[in-house]
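Asks: Structure incoming, see below.
The values are calculated or read from the model by the stated rules, or taken from the named source; none is laboratory data. In this text, all values refer to a predicted model and were calculated from it rather than measured experimentally. Glycine also receives a Cβ, built like all others from the backbone with ideal geometry; neighbour counts cover every protein chain displayed.
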Amino acid sequence: MSVEQPALYLPPVHRAFLRATAAAEEEMGFLLAQNVMFEEEYITTLLCSRLVPEVTYVKFSKQQESRVGGDYLWWWVDRSGEAFGCLVQAKVIHHKGRGWRIGFHHETRTGLQMDQLLAASDFFEVLAAYAFYAGDAAYRSTMRCSQRHHGVLCHQRQGAGVTILPALNAQRTVENARLRATAPPSKLPFLGGFDPIEDVFHHAEPLSRLTEPGRANDDPASIRYYRMRLGPGMNGLRELLTPGQIGARKVAQFMTDKLAQQAAGTFETAVLPDVHTDQVEVGGRVFDTLPGARGHFGRPFFEHALRGLRTGLPDYVEAALRSPSDGVPAELAEHADGLVVVYL
Ligand SMILES: [Zn+2]
């Protein structure tokens, strides 16, 4: 950045995210004002189309009728060539009585949607995440989470209309809420208590934060805790978890932090063996060894997140962008509805 640049200089890619998420929020408000509920596929297409030209996207032709059409494979790639991948499923947050609902457990002909998302993320070897579409400020105004985010209420955060959260965080939060619902009243004070969907929404971050200049986050005690516990062979991961990352690593850190923060709240007594990957050359992964900690997520969460951090974009990305009409590999279109490439 040159000295002439104003202090509030925003990179073009970040301006694109501010513009697109504002357009999505405006459209959701516009539809709500007409008593029309917005749908995942429509908002996803609108959002992606407004990210252009700073961001490139391709919408695949439908391969499976069972999907709702909101699963996009996202890749953030920086000037060093490093890339971070994420399979993102769009979810509308619905009003339900006095509370809220997200159709996480929507059943398709081939099983539970949440399981399918994780299976598809395994296929691509990337992190699974949700993007939440939460309408406009008026729609969210009855949300009751009273915890503040840098002094601002959850539903009043800038960009709260379109947020993102690793799927494992959402799954864990919903499960905790289920346990809370069946817990004896004497335990309730320890388990907290607001709407599980508001709890999920509280942890989700505005999508535009991923491209925001400056530090992605503070250095919470939970992350320092994980850094301290890493063995000598984990210097690369220790560095990634240190504030001040840029490019694809910054996005990777942001999402990994989300998982590590929730995992740090669990009491994992067993020391699990590290996870090794042999395919560093083939798959281009940045990390070939990661801690086996599961943090009650049911799977090693560092591996789940950071398998998506690569030394370069996978070959299929270029193939899909080159000629989207016939160049999209069939298995790619079978597991995702579209591809988004963010050049950082
Ligand atoms: Zn909150």
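Asks: The conditions are (1) away from the ligand (no atom under 16 Å from the Cβ); (2) in a strand (DSSP E or B), and residue 117 fails exactly one of them. Which is it?
Replies: (2)
Asks: Counting only residues that are over 21 Å from the mean Cα position of the chain (by Cα), away from the ligand (no atom under 11 Å from the Cβ) and either more than 23 Å from residue 15 (Cβ to Cβ) or part of a strand (DSSP E or B) (or both), how many does the range 126-159 have?
Replies: Number satisfying all stated conditions: 5.
Asks: Identify all residues within the range 119-153 that are surrounded by 19 or more Cβ atoms within 10 Å (Cβ to Cβ) and among the hydrophobic types (A, V, I, L, M, F, W, C); write none if there are none.
Replies: 120, 124, 126, 127, 128, 129, 131, 132, 134, 143
Asks: Among the residues of the range 302-324, which ones are in contact (Cβ under 8 Å) with a residue 24 or more places away in the chain and more than 20 Å from residue 210 (Cα to Cα)?
Replies: Within the range 302-324, 303, 314, 317, 320, 321, 324 qualify.
Asks: Here's another thing I want to ask about it. Report yes if residue 184 is at pLDDT 95 or above and away from the ligand (no atom under 16 Å from the Cβ), otherwise no.
Replies: No, not satisfied.
Asks: If residue 195 satisfies every condition in (1) within 24 Å of residue 264 (Cβ to Cβ); (2) charged (D, E, K, R); (3) modelled with pLDDT of 85 or more; (4) within 16 Å of the ligand (Cβ to nearest atom) but one, which is the exception?
Replies: The one condition residue 195 does not meet is (3).
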